[in-house]
Amino acid sequence: MLFTHDTLAAIASGEVDLAFRRWLRPAVRTGTALRTAIGVVTIGEVTAVPESAVSDRDARRAGYGTRAELLAGLRPGGDRTLYRVGVRLTGEDPRAALREDTRLSGAELDGIAAALGRMDARGARGPWTTATLGLIGAHPAVRAADLAARLDRDTPRFKADVRKLKEHGLTESLGTGYRLSPRGRLLLDHLTAGPGHEDQDPEGA
């Protein structure tokens, strides 16, 4: 379940606490925790409703000016059911702290590198993790479609790859494109330093 940056900001401020979606079947259920750019958004009650049950007040709680605007903005489809979904911000994204954690020993960096190596091995296209990190590091805030083209990847699959790296705290999303986190930068330096590199103390001691 995706939200625009404006909607996420409104959820963070408490102005928005509802969402409406047309689905073939519910994409989330009560209690689902979604990690977003503002933190963890937890799903409240998920209820199938007829359009006639949607009020102007519901529309304002979902970030729209009127009921008509809300309904016009929904995905069309007579085979889909309209769902009313409660949403609220419940905490920080745990990946945010992970991204800032650079107190890593050489052995810990090697462990992350090994995890990336396993990700490379599971794919049919060969190593991709270091190449993707290097591309993002060299081209922060560049559209995903443009980055994907540089790797001869289609955009949805490229975005899925970046999400895998994000799970390790190595990248973070921007309004446009991505950038390496401090942890990602440290790891990329470790991966590209070459043999004989002496790991630096993360605090420069």
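Things worth noting here:
- Selection within segment 41-66 - aliphatic (A, V, I, L, M), over 14 Å from residue 28 (Cα atoms) and out of contact with any Phe, Trp or Tyr (no Cβ under 6 Å at 6 or more places or on another chain): 49, 53, 54, 59
- Just one of the listed residues (69, 92, 108) is closer than 23 Å to residue 31 by Cα, surrounded by 12 or more Cβ atoms within 10 Å (Cβ to Cβ) and either out of contact with any Phe, Trp or Tyr (no Cβ under 8 Å at 6 or more places or on another chain) or without any contact (Cβ under 8 Å) to a residue 24 or more places away in the chain (or both), namely 92.
- Of all residue pairs spaced 6 or more apart or on separate chains, those with beta-carbon atoms under 7 Å, a first member in segment 13-34 that is under 15 Å from residue 90 (Cβ atoms) and touching a residue at least 12 places away in the same chain (Cβ under 8 Å) and a second member that is open to solvent by 50 Å² or more (accessible area, probe 1.4 Å) and not in a loop (DSSP other than H, G, I, E, B) are 16/61; 17/61; 17/88; 30/45.
- For segment 12-74, the strands (runs of 3 or more DSSP E) that sit wholly inside it and include 2 or more residues that are more than 22 Å from the chain's Cα centre (by Cα) are 39-48.
- Candidates are the residues of segment 1-11 that are assigned to a helix (DSSP H, G or I) and not hydrophobic (A, V, I, L, M, F, W, C); the one that is least open to solvent (accessible area, probe 1.4 Å) is 7.
- Matching residues in segment 114-127 - criterion: being free of Cβ contacts under 8 Å to residues at least 40 places away in the same chain and either in a helix (DSSP H, G or I) or in contact with a helix residue (DSSP H, G or I) (Cβ under 6 Å, 6 or more places away or on another chain) (or both): 114, 117, 118, 120, 121, 122, 127
- Summed over segment 75-88, the residues that are at pLDDT below 95 and either under 22 Å from the mean Cα position of the chain (by Cα) or exposed (fewer than 12 other Cβ atoms within 10 Å of the Cβ) (or both) give a count of 5.
- Checklist (1) of a type in the set (Gly, Ala, Ser); (2) more than 23 Å from residue 172 (Cα to Cα); (3) open to solvent by 30 Å² or more (accessible area, probe 1.4 Å); (4) not in a loop (DSSP other than H, G, I, E, B) applied to residue 97, failing item: (2)
- Whichever residue in segment 13-33 is surrounded by 16 or more Cβ atoms within 10 Å (Cβ to Cβ) and of a type in the set (A, V, I, L, M, F, W, C) and, among such residues, is farthest from residue 173 (Cα to Cα): 23
- If you go through segment 112-134 and pick out every residue that is open to solvent by less than 50 Å² (accessible area, probe 1.4 Å), closer than 23 Å to residue 99 by Cα and over 18 Å from the mean Cα position of the chain (by Cα), you end up with 10.
- The set of residues in segment 151-181 that are small (Gly, Ala, Ser) and part of a strand (DSSP E or B) contains only 173.
- Residues that are open to solvent by 70 Å² or more (accessible area, probe 1.4 Å) and either of a type in the set (Val, Ile, Thr) or not in a helix (DSSP H, G or I) (or both), drawn from segment 141-150: 143
The values are calculated or read from the model by the stated rules, or taken from the named source; none is laboratory data. Just so you know, these numbers come straight off a predicted model, no measurement behind them. FYI the Cβ positions are ideal-geometry reconstructions off the backbone, even for glycines, and counts take in every protein chain you see. These area figures cover heavy atoms from the full protein model, side chains too; ligands, DNA and RNA do not enter into them. Shrake-Rupley method; radii C 1.70, N 1.55, O 1.52, S 1.80 Å.
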